[in-house]
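S.K.: Before I ask anything, here is the structure I am working with.
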Amino acid sequence: MWKSLKQECMSCKKCPLWETRHNVVFGVGNPEAEVMFIGEGPGENEDLQGEPFVGRAGKLLDDMLRMIDLDRSRNIYIGNIVKCRPPKNRDPLGTEQESCIDWLYRQIELINPKIIVCLGRIAAMQMIKPDFRITREHGQWFDVDGRKCMALYHPAALLRDPHKRPDTFEDLMTLKQGIKDWCDTYNK
Ligand code: URA
Ligand code: SF4
């Protein structure tokens with residue numbers, strides 16, 4: 001199921017972003033994970049390497065994950081709202097998100113995570129609610145379709161504005177507690 005979904009997705013041309021991509025960035029991590037992270041869309045490095053969050057923001061994300069014993073090669077899965085890079089790193093258009101989101105929903109269905117963590121405003125607006133306010137609502141738990149969801153500031157925003165980092169540290173502690181309460185991730 002997972003393999004055929006990936007195969008199908010890797011040749012997707014459902015929106016115009018396919019024309020400028022080098023790679024479809026399907027996702028990375030353990031498809032059996034209980035915790036899933038969702039970003040916005042691939043940047044330049046991700047487009048070239050075919051893996052989410054491999055640039056400078058990705059390095060910061062890996063550092064943040066390590067603080068709470070999470071690791072993309074072991075106990076989480078990382079995906080994006082759109083799987084092909086928007087030109088010049090602009091925000092993905094509504095139409096592009098609409099075309100692409102079904103791939104993510106199918107991934108979520110197969111992974112069946114207990115917790116979904118949105119990275120940044122775009123992912124939170126798509127996954128939690130359209131009027132999500134990242135500055136006000138980061139680090140709060142929401143129930144969405146029986147799953148616990150929260151949003152963190154996007155790691156790229158933390159690189160631009162280090163003043164947001166203490167908030168994110170607290171949010172990571174909230175996330176760690178949620179994982180302890182609702183998942184077996186730390187007992188494996
Ligand atoms: N930013 C994102 O939102 N996703 C990536 O994969 C890389 C950077
Ligand atoms: Fe298909 Fe998504 Fe890529 Fe658009 S962004 S071509 S919908 S995989």
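The values are calculated or read from the model by the stated rules, or taken from the named source; none is laboratory data. These figures come from a predicted structure and were not determined experimentally. Reconstructed Cβ throughout: ideal geometry from the backbone, glycine too, with neighbour counts over all protein chains shown. Surface areas here come from the heavy atoms of the whole protein model, side chains and all, with no ligands, DNA or RNA. Shrake-Rupley method; radii C 1.70, N 1.55, O 1.52, S 1.80 Å.
Residue-by-condition table, conditions (1) touching a Gly at 6+ places or on another chain (Cβ under 6 Å); (2) away from ligand 2 (no atom under 16 Å from the Cβ); (3) aromatic (Phe, Trp, Tyr):
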{"residue": "GLU98", "(1), (2), (3)": "no, no, no"}
{"residue": "TRP103", "(1), (2), (3)": "no, no, yes"}
{"residue": "LEU110", "(1), (2), (3)": "no, yes, no"}
{"residue": "PRO130", "(1), (2), (3)": "no, yes, no"}
{"residue": "THR135", "(1), (2), (3)": "no, yes, no"}
{"residue": "GLY139", "(1), (2), (3)": "no, yes, no"}
{"residue": "PHE142", "(1), (2), (3)": "no, yes, yes"}
{"residue": "ARG147", "(1), (2), (3)": "no, yes, no"}
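S.K.: Can you tell me how many residues in the range 86-96 are near ligand 2 (Cβ under 10 Å from one of its atoms) and touching a Ser or Thr at 6+ places or on another chain (Cβ under 7 Å)?
M.R.: Total satisfying the criteria: 0.
S.K.: Quick one: which residue in LEU61, LEU48 is away from ligand 2 (no atom under 16 Å from the Cβ), touching a residue at least 12 places away in the same chain (Cβ under 8 Å) and in a helix (DSSP H, G or I)?
M.R.: Result of the check over LEU61, LEU48: LEU61.
S.K.: Hey, another quick one. Would you mind telling me which numbered condition in (1) touching a His at 6+ places or on another chain (Cβ under 8 Å); (2) of a type in the set (A, V, I, L, M, F, W, C); (3) open to solvent by 90 Å² or more (accessible area, probe 1.4 Å) PHE169 fails?
M.R.: Only one criterion in (1) touching a His at 6+ places or on another chain (Cβ under 8 Å); (2) of a type in the set (A, V, I, L, M, F, W, C); (3) open to solvent by 90 Å² or more (accessible area, probe 1.4 Å) is unmet by PHE169, namely (1).
S.K.: Still on this model: Could you check the range 103-120 and list, in sequence order, the residues that are touching a residue at least 24 places away in the same chain (Cβ under 8 Å) and either among the charged types (D, E, K, R) or outside any strand (DSSP E or B) (or both)?
M.R.: Across the range 103-120, the qualifying residues are TRP103, LEU104, ARG106, GLN107, ILE108, LEU110, ILE111, PRO113, LYS114, GLY120.
S.K.: Every residue in the range 64-92 that is open to solvent by 10 Å² or more (accessible area, probe 1.4 Å) and more than 15 Å from ligand 1 (Cβ to nearest atom), please.
M.R.: Matches in the range 64-92: ARG66, MET67, ASP69, ASP71, SER73, ARG74, ASN75.
S.K.: Would you confirm, using the coordinates I've provided, whether LYS88 is assigned to a strand (DSSP E or B) and without any contact (Cβ under 8 Å) to a residue 60 or more places away in the chain?
M.R.: On the way: assigned to a strand (DSSP E or B): no; without any contact (Cβ under 8 Å) to a residue 60 or more places away in the chain: yes.
Here the answer is no, as LYS88 does not meet what is asked.
S.K.: ASP47 is checked against (1) open to solvent by 80 Å² or more (accessible area, probe 1.4 Å); (2) farther than 24 Å from ILE134 by Cβ and fails just one. What number does that condition carry?
M.R.: All conditions are met except number (1).
S.K.: Something else: Any chance the range 4-18 includes a residue that's crowded, with 19+ Cβ neighbours inside 10 Å and within 16 Å of the chain's Cα centre (by Cα)?
M.R.: Scanning the range 4-18, I find no residue that is crowded, with 19+ Cβ neighbours inside 10 Å and within 16 Å of the chain's Cα centre (by Cα), so the answer is no.
S.K.: Surrounded by fewer than 18 Cβ atoms within 10 Å (Cβ to Cβ) and either at positive phi or not in a loop (DSSP other than H, G, I, E, B) (or both) - does that describe any residue in the range 20-42?
M.R.: Scanning the range 20-42, I find no residue that is surrounded by fewer than 18 Cβ atoms within 10 Å (Cβ to Cβ) and either at positive phi or not in a loop (DSSP other than H, G, I, E, B) (or both), so the answer is no.
S.K.: Looking at PHE37, is it within 25 Å of ASP69 (Cα to Cα), within 13 Å of the chain's Cα centre (by Cα) and within 11 Å of ligand 2 (Cβ to nearest atom)?
M.R.: So PHE37 does not fit the description; no.
S.K.: Based on this model, can you work out whether LYS164 counts as away from ligand 2 (no atom under 16 Å from the Cβ), open to solvent by 30 Å² or more (accessible area, probe 1.4 Å) and in a helix (DSSP H, G or I)? Even if it seems obvious, please write down each step before you answer.
M.R.: Values: away from ligand 2 (no atom under 16 Å from the Cβ): yes; open to solvent by 30 Å² or more (accessible area, probe 1.4 Å): yes; in a helix (DSSP H, G or I): yes.
For LYS164, the condition - away from ligand 2 (no atom under 16 Å from the Cβ), open to solvent by 30 Å² or more (accessible area, probe 1.4 Å) and in a helix (DSSP H, G or I) - is met.
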